[in-house]
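*Asks:* This is the structure I have questions about; it appears just below.
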Amino acid sequence: MRPSFLCLGFALVSSCAAPTLSPRFAPPPAPRDAASASAATPDAAPRKKARPTFAALPPPPVTTTPMAGEPTGAALAQARLVPTSCEKITAEEVEGRLKTMRAAVDASFKDWHDAQPECWRQDREEYEARKEMERSDAMLGLSGVGGTIGYGSGVGQGYGSGSISRAGAAGSVTVSGRGAGSGSHTAKVPAMAKSASGTNNQIASVDEADIVKTDGRYVYLAANGALRIVEALNPKVVSVTNLAGDVRELFVEGDRAVVYVASAGAAKRCTYGYDCAFGGDGSTTRIVVLDIADRAAPKAVREIGLSGSLIAARRIGNAVHTVTSDNDKPGPAFAVRPPDFQMCGTMEPVVRAKFAKLKADNEVAIRARSSDFPTMRDQGVEKPICDGVLRTALRDGQAFT
């Protein structure tokens, strides 16, 4: 059986190859006709080789896992601006401010609590000092010697004032000043300079607010609580228009002047941020538009009030753009320690009651406080500037646009 198996296997293998015939049994070659002969000539067109076919490439893999360092989808969603409303943001800000206030008051109470061991040590030292004084007084009293013991130190100073007068026939002081009067006259138009310098603007077509402006005929100054107009070539004061508050900058275009005035008592303005924290100073801003067709008698024709402090202003043609900053003055807007509070010498129940009352008072003040949104007052009507408010979903500050 084994030889049969081998022969069968060979037959199967040999059947896979093309059969070959010996020359003796090969068929005769076919005769070559003219067509086939002509096809074999050199002028015949070469046969085109079949292009190789390739299998279609698989689609590229889809990345579903972020690379290292890339933000997640949730983080990106927080950075996108979303529409909101004044009412919604106000409610969120109130709750956030209440949370901050409670944490600050609790931290102040903890400071008091942590300071009590030192207070107790001081109480013991004072008690021992009083007992020592009492024993010393008793011993002096028994020996018949009286005296007084005291502790402390003091410094005394005295000041006096008098008058020094210059010898002379008259004992009076004369104060000279300037007076102003008005009368009927015909105003003479002053001469105009052939050339005049202007504000060092960053862009030629964009004017920047400044404390001094000139049109070649007059010089306009915004300082010391007033708008002053002075003749340029024949220097003399033409008019002084007092404006309540801190007069800061102005624009002049034709017969109109726009003056920026900060509320009284404003801090020193941080202009460039070299040696100060650039931002608002907590003041409010008034924009006073004056008709200066008559340079001797400017007239206020419009006034706009803004709740923020002036940061910058630009003028392009007849349009004035103003940038203000609201609610960025440093410091908490609430008290963190009860009034007339002593760190030492107060019982704990009394201290706890004082801090609880402080929290309640702060909460009432925070909830009653008006919205922190910028406001604008024009023609006697005040309204918040919150149309089309956008903000990020990430609540990491009070910024919105």
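Each value in this text was obtained by applying a stated rule to the coordinates, not by laboratory testing. Note that the coordinates shown come from a computational prediction; the quantities given were computed from them, not determined experimentally. No Cβ is skipped: glycine too gets one built from the backbone with ideal geometry, and neighbour counts run over all protein chains shown.
*Asks:* Excluding same-chain residues fewer than 8 positions from Lys48, which lysines have a Cα within less than 18 Å of its Cα?
*Replies:* Correct list for Lys48: empty, as no lysines qualify.
*Asks:* Relative to the present Cα-Cα distance, how much length would full extension add between Ile304 and Ala56 at 0.36 nm per residue of separation? The partial results should precede the final answer.
*Replies:* Numbers: separation 248, 0.36 × 248 = 89.28 nm, distance 7.10 nm.
Gain in length upon complete extension: 82.2 nm.
*Asks:* Can you tell me which lysines have their Cα less than 16 Å from the Cα of Lys236? Leave out same-chain residues fewer than eight positions away.
*Replies:* Hits, sequence-local ones excluded: Lys188, Lys213.
*Asks:* How big is the Kirkwood radius of segment 199-333, worked out from every pair of different alpha carbons and given in Å to one decimal? Please report the intermediate quantities before stating the final value.
*Replies:* Working: mean 1/r = 0.0644 Å⁻¹.
In segment 199-333 this quantity evaluates to 15.5 Å.
*Asks:* Given the peptides 305-312, 79-86, 343-350, arrange them by the average over their residues of other C-beta atoms within 10 Å, most packed first. Mind dumping the intermediate values first?
*Replies:* On the way: 305-312: 20.0, 79-86: 12.0, 343-350: 10.5.
Going from most to least packed, we get 305-312, 79-86, 343-350.
*Asks:* Counting other beta carbons within 10 Å of each Cβ, put Thr375, Thr324, Thr199 in order, fewest first. Mind dumping the intermediate values first?
*Replies:* Working: Thr375 18, Thr324 21, Thr199 15.
So the ranking, lowest neighbour count to highest, is Thr199, Thr375, Thr324.
*Asks:* Same structure, new question: Hey, can you rank 122-129, 229-236 by average C-beta count inside 10 Å, highest first?
*Replies:* 229-236, 122-129
*Asks:* May I ask which of Lys268/Lys383; Lys88/Lys383; Lys99/Lys359; Lys99/Lys357; Lys268/Lys359; Lys99/Lys383 have a Cα-Cα span longer than 21 Å here?
*Replies:* Working: Lys268/Lys383 28 Å; Lys88/Lys383 17 Å; Lys99/Lys359 11 Å; Lys99/Lys357 16 Å; Lys268/Lys359 33 Å; Lys99/Lys383 28 Å.
Too far apart for the 21 Å limit: Lys268/Lys383; Lys268/Lys359; Lys99/Lys383.
*Asks:* What order do you get for 286-294, 379-387, 106-114 when each peptide is scored by the mean count of other beta carbon atoms within 10 Å, highest first?
*Replies:* The most tightly packed comes first, giving 286-294, 106-114, 379-387.
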